[in-house]
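Trainee: Below you'll find the structure I mean.
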Number of protein chains: 2
Amino acid sequence: MTTIEVKTTTADYAVKVKIGSLMTVAQAIKTVWTPRRIALITDTTVGALYADQVQTQLMAGGFTVTVLTVPSGEASKSWAQTMRLVEALSQAHFTRNDGVVALGGGVVGDLAGFVASIYMRGISLIQLPTSLLAQVDSSVGGKTALDLPTGKNLVGSFYQPDLVLIDPQTLTTLPQRMLVEGYGEVVKCAALVGGDFWKLLQSIQQPDDILLLAPQLIARSVSFKARVVMADEKEGGQRQLLNFGHTIGHAVELLGRGRWMHGEAVAMGLVAVCQVFEAQGLTPVGTAQAVAARLAVVGLPTELPDLALNTVLTAMRHDKKVHGDQLTWVYLAALGQPQLQPVPLTDLATWVAPALTTVA
Amino acid sequence: MTTIEVKTTTADYAVKVKIGSLMTVAQAIKTVWTPRRIALITDTTVGALYADQVQTQLMAGGFTVTVLTVPSGEASKSWAQTMRLVEALSQAHFTRNDGVVALGGGVVGDLAGFVASIYMRGISLIQLPTSLLAQVDSSVGGKTALDLPTGKNLVGSFYQPDLVLIDPQTLTTLPQRMLVEGYGEVVKCAALVGGDFWKLLQSIQQPDDILLLAPQLIARSVSFKARVVMADEKEGGQRQLLNFGHTIGHAVELLGRGRWMHGEAVAMGLVAVCQVFEAQGLTPVGTAQAVAARLAVVGLPTELPDLALNTVLTAMRHDKKVHGDQLTWVYLAALGQPQLQPVPLTDLATWVAPALTTVA
């Protein structure tokens, strides 16, 4: 087992990575929680696979469990599901001493985390992420979120869990497309860290290789993310580095209206931002190609779809990373050497164009 | 001007109490905010009185202002208004560097504070409370809230403003019933503090006296609340003292379905809890009468309405103050000497009965 300690101003907690840990989940939870009511929030897909066994273990461990299931998919990060879950907690008389356990991917983690953060102004939360994307990214760092029609994750909170328990074994039941999309975030982390982490990616030549190396990939990604989050809990400074590839990525994801998964959009965004900064002379020529190579071997998209510049710019202006009249980009001065670059909104078209026109 | 400094783990801010301060609001805001977009959130009643002059000043001060108005009344502490306001911020391209200014009473402060806390995971917030209730209570301490059908304030967050600016002059436009209800919370604070604060209340013999003494009453109440909040930001310990009178009060308010204002329900709850603990021999006999006297002179209700015990108990079980199988009450060992008393939910009927039967 790898344990990564995360210390924030509001809470300290552990991220534990261990194969098979979902089979002993009650023991792990009992190390941080006294007996209490638990709302096990999951989705239709993950719930069908794991909810019964998790519920049985928790009940045997002395917890009272209410299973709350939302439809699989990004559409559940909504006001409607939030309201439904909060009402369910209230109807079941949940108090401030009870807790929420999120069992699922990023959608479940973001939604359940948000619900836990606002019900009675916050009740305890534990994350059991089951997708690679959630395991390497969304379950660590305390971000919770809902989507708005105008953009993803525009509503949410910073809310730390008491424990994140990651079982890489759950990846064996993950559809290959989702496994691969999660790897997009792993490539992002490795590009930001460089060194051994980047070298490790060279041994991944097909999707199945991700499964073989999952424990290492997760531990390295989480360690990196934890380090960044501890240095900058609320995205004032260093945490912005995690947005590498996300500026164009989020816009592509939004405009695709469900066509691309988050990790796929990030994959395109990673290559695109390298192209943009290569054109500016700030990223070494060949970086975009090197990043694209790591993504392409597992089948991730590396070229932006044919999108109108105007629609991309409109989507980018809604980005949470917009501060005043600027949008701060993350680029690589070299692999493992990320930098921040604020770009005035008025110049955005000029900057983005190189990434778009290479595709048209 | 009285300035009370509030220091919490997440933020330090000042509460400023000054007659006429709403007339120089932009100057005050410029001491804590750089120029930015401001969403001035208000309600139909307060907005009609003050929104124009606040907006004009803010614009003259270099801010860009969007006025967002919700219907007056508790019903606006809803998901529907939250969604509407959040969408409005997003449509107006508000970024993390922009801010929300809440202009109004407790409903506006709770709702606008919640919106500020969840939009993009939190944007800056300033409170301009205009009701006595908001000035002495809800605008200080960082609590934001929405109501659920099952109870008041069951959804919300802890979120600190950058500034609370209190202008007692606004109380002159407050309907007398609202002025008086706010005084219910002042009596609560004075009973908890005792000493000079309690003595000060003896000079209030009619509603108009509240206006004359408003700056002192507000400053003393806020100082007390700030001290408690600083000692216990999230209601684990000392902050529970602020719930004095609220355990029965909240239930009465909920069951009244709008018949009683918050401060009126608290007034009844203050007297009732003293009766309950006098019956237990834990509060000195005569305390309920002394508290009732201070409330009655301004016309606040001091006797509980005729309510079925069962409905009161059901409402109390939904109280956020329920922890596991207990509900913690606050009682007075003497004026100025509050104590906490956990009561098992199974014993609740026996405890509550004395307050209810004296009325039947």
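Trainee: Of everything in region B:324-344, what is surrounded by 15 or more Cβ atoms within 10 Å (Cβ to Cβ) and within 14 Å of chain A (Cβ to nearest Cβ)? Give them in sequence order.
Mentor: B:GLY324, B:GLN326, B:LEU327, B:THR328
Trainee: Restrict the check to region B:177-190 and report whether at least one residue is closer than 18 Å to B:THR130 by Cα, over 16 Å from the mean Cα position of the chain (by Cα) and open to solvent by less than 50 Å² (accessible area, probe 1.4 Å).
Mentor: The answer is no, given that none of the residues of region B:177-190 is closer than 18 Å to B:THR130 by Cα, over 16 Å from the mean Cα position of the chain (by Cα) and open to solvent by less than 50 Å² (accessible area, probe 1.4 Å).
Trainee: Here is a further query. Looking only at region B:4-23, count how many residues are open to solvent by 60 Å² or more (accessible area, probe 1.4 Å) and either of a type in the set (Ser, Thr, Tyr) or not in a helix (DSSP H, G or I) (or both).
Mentor: Residues flagged as open to solvent by 60 Å² or more (accessible area, probe 1.4 Å) and either of a type in the set (Ser, Thr, Tyr) or not in a helix (DSSP H, G or I) (or both) within region B:4-23 amount to 7.
Trainee: All but one of (1) within 14 Å of another protein chain (Cβ to nearest Cβ); (2) open to solvent by 10 Å² or more (accessible area, probe 1.4 Å) hold for A:LEU174; which doesn't?
Mentor: Unmet for A:LEU174, out of (1) within 14 Å of another protein chain (Cβ to nearest Cβ); (2) open to solvent by 10 Å² or more (accessible area, probe 1.4 Å): (1).
Trainee: Oh, and also: For region B:156-164, state whether one or more residues are open to solvent by 10 Å² or more (accessible area, probe 1.4 Å), within 14 Å of another protein chain (Cβ to nearest Cβ) and either in a loop (DSSP other than H, G, I, E, B) or within 25 Å of B:LEU213 (Cβ to Cβ) (or both).
Mentor: Yes, some residue in region B:156-164 is open to solvent by 10 Å² or more (accessible area, probe 1.4 Å), within 14 Å of another protein chain (Cβ to nearest Cβ) and either in a loop (DSSP other than H, G, I, E, B) or within 25 Å of B:LEU213 (Cβ to Cβ) (or both).
Trainee: Give me the pairs: first residue in region A:111-136 and within 14 Å of chain B (Cβ to nearest Cβ) and in a helix (DSSP H, G or I), second residue small (Gly, Ala, Ser) and open to solvent by less than 10 Å² (accessible area, probe 1.4 Å), beta-carbon distance under 7 Å, and six or more apart or on different chains, which are they?
Mentor: So the pair list comes out as A:LEU111/A:SER76; A:GLY113/A:ALA102; A:PHE114/A:ALA145; A:PHE114/A:GLY156; A:ILE118/B:GLY156.
Trainee: Looking at region A:218-226, can you tell me whether even one residue there is under 18 Å from A:VAL330 (Cα atoms), assigned to a helix (DSSP H, G or I) and hydroxyl-bearing (Ser, Thr, Tyr)? It would help to see each step written out before you state the result.
Mentor: First, the residues of region A:218-226 that are under 18 Å from A:VAL330 (Cα atoms): A:221, A:224-225.
Subset that is assigned to a helix (DSSP H, G or I): A:221, A:224-225.
The next check asks that each one be hydroxyl-bearing (Ser, Thr, Tyr); those that pass are A:221.
Yes, because at least one residue in region A:218-226 is under 18 Å from A:VAL330 (Cα atoms), assigned to a helix (DSSP H, G or I) and hydroxyl-bearing (Ser, Thr, Tyr).
Trainee: If the requirement is being closer than 17 Å to B:TYR159 by Cβ, without any contact (Cβ under 8 Å) to a residue 40 or more places away in the chain and among the β-branched types (Val, Ile, Thr), which of these qualifies: B:VAL86, B:VAL32, B:VAL108?
Mentor: Of B:VAL86, B:VAL32, B:VAL108, the one residue that is closer than 17 Å to B:TYR159 by Cβ, without any contact (Cβ under 8 Å) to a residue 40 or more places away in the chain and among the β-branched types (Val, Ile, Thr) is B:VAL86.
Trainee: If you check A:THR82, A:THR66, which single one turns out to be of a type in the set (Ser, Thr, Tyr) and surrounded by fewer than 18 Cβ atoms within 10 Å (Cβ to Cβ)? Lay out the reasoning, then the answer.
Mentor: Numbers: A:THR82 fails: surrounded by fewer than 18 Cβ atoms within 10 Å (Cβ to Cβ).
Answer to the check: A:THR66.
Trainee: Same structure again: Given the conditions (1) closer than 20 Å to A:LYS30 by Cα; (2) more than 14 Å from chain B (Cβ to nearest Cβ), and given that A:VAL193 satisfies all but one, which numbered condition is not satisfied?
Mentor: (1)
Trainee: Any residue in region A:6-18 that's within 14 Å of chain B (Cβ to nearest Cβ): show its pairings with residues that are open to solvent by less than 10 Å² (accessible area, probe 1.4 Å) and in a strand (DSSP E or B) at Cβ separation under 9 Å, as long as the two are six or more apart or on different chains.
Mentor: A:LYS7/A:TYR13; A:ASP12/A:VAL6
Trainee: Sticking with this structure for a sec: Is there any pair linking a residue in region A:314-335 that is of a type in the set (Phe, Trp, Tyr) to one that is open to solvent by 20 Å² or more (accessible area, probe 1.4 Å), with Cβ under 6 Å and at least six apart or on different chains, and which?
Mentor: Hits for this filter: A:TRP329/A:GLN341; A:TYR331/A:LEU282; A:TYR331/A:GLN339; A:TYR331/A:GLN341.
Trainee: Considering only region B:59-99, state which residues are part of a strand (DSSP E or B) and within 14 Å of chain A (Cβ to nearest Cβ).
Mentor: Going residue by residue through region B:59-99, those that are part of a strand (DSSP E or B) are B:64-70, B:99.
Correct list: B:THR64, B:GLY99.
Trainee: Condition check: part of a helix (DSSP H, G or I), open to solvent by 10 Å² or more (accessible area, probe 1.4 Å) and within 26 Å of A:VAL229 (Cβ to Cβ). Does A:VAL46 satisfy that?
Mentor: The answer is yes for A:VAL46.
Trainee: Check B:GLY258, B:GLY237 and return the single one that is open to solvent by 10 Å² or more (accessible area, probe 1.4 Å) and touching a residue at least 60 places away in the same chain (Cβ under 8 Å). Walk me through it before giving the result.
Mentor: Numbers: B:GLY237 fails: touching a residue at least 60 places away in the same chain (Cβ under 8 Å).
Among B:GLY258, B:GLY237, only B:GLY258 is open to solvent by 10 Å² or more (accessible area, probe 1.4 Å) and touching a residue at least 60 places away in the same chain (Cβ under 8 Å).
Trainee: Here is a further query. Output the qualifying pairs, or none if there are none: Cβ atoms under 6 angstrom, residues six or more apart or on different chains, first residue in region B:289-303 and in the same structural domain as B:ASP208 (by TED's automatic domain parsing), second residue among the polar types (S, T, N, Q) and part of a loop (DSSP other than H, G, I, E, B).
Mentor: Listed by first residue and then by second, the contacts come to B:ALA292/B:THR302; B:LEU295/B:THR302; B:ALA296/B:THR302; B:VAL297/B:GLN205.
Trainee: Considering region A:265-288 alone, what residues qualify as being open to solvent by 20 Å² or more (accessible area, probe 1.4 Å) and at negative phi? Break it down stepwise before answering.
Mentor: If we filter region A:265-288 for residues that are open to solvent by 20 Å² or more (accessible area, probe 1.4 Å), which is where we start, we get A:275, A:278-282, A:284-286.
Within region A:265-288, A:GLN275, A:GLU278, A:ALA279, A:GLN280, A:LEU282, A:PRO284, A:VAL285 meet the criteria.
Trainee: For region A:46-83, enumerate the residues that are touching a Gly at 6+ places or on another chain (Cβ under 6 Å) and touching a residue at least 60 places away in the same chain (Cβ under 8 Å).
Mentor: A:VAL46 - this is the single residue of region A:46-83 that is touching a Gly at 6+ places or on another chain (Cβ under 6 Å) and touching a residue at least 60 places away in the same chain (Cβ under 8 Å).
Trainee: Hey, among the residues in region B:324-349 that are on the phi < 0 side of the Ramachandran plot and outside any strand (DSSP E or B), which one's modelled with the highest pLDDT?
Mentor: B:LEU335
Trainee: B:PRO305: open to solvent by less than 30 Å² (accessible area, probe 1.4 Å), more than 29 Å from A:ARG37 (Cβ to Cβ) and of a type outside the set (Val, Ile, Thr), yes or no?
Mentor: Numbers: open to solvent by less than 30 Å² (accessible area, probe 1.4 Å): yes; more than 29 Å from A:ARG37 (Cβ to Cβ): yes; of a type outside the set (Val, Ile, Thr): yes.
Yes: the conditions hold for B:PRO305.
Trainee: Looking for whichever is under 30 Å from A:SER124 (Cα atoms), of a type outside the set (D, E, K, R) and over 20 Å from the mean Cα position of the chain (by Cα) here; the options are B:THR350, B:THR328, B:THR314. Which one fits? Give the derivation first.
Mentor: Numbers: B:THR350 fails: under 30 Å from A:SER124 (Cα atoms); B:THR328 fails: over 20 Å from the mean Cα position of the chain (by Cα).
Residue meeting the stated conditions: B:THR314.
Trainee: With the structure loaded, tell me whether B:SER124 is over 24 Å from B:ASP208 (Cα atoms) and open to solvent by 10 Å² or more (accessible area, probe 1.4 Å) or whether it fails that test.
Mentor: Numbers: over 24 Å from B:ASP208 (Cα atoms): yes; open to solvent by 10 Å² or more (accessible area, probe 1.4 Å): yes.
Here the answer is yes, as B:SER124 does meet what is asked.
The values are calculated or read from the model by the stated rules, or taken from the named source; none is laboratory data. Not measured: the values here are computed from a predicted model. Quick reminder, even Gly has a Cβ in these numbers, built from the backbone with ideal geometry, and neighbours come from all protein chains shown. Please note that ligands, DNA and RNA were not included when accessible areas were found on the heavy atoms of the full protein model with its side chains. Shrake-Rupley method; radii C 1.70, N 1.55, O 1.52, S 1.80 Å.
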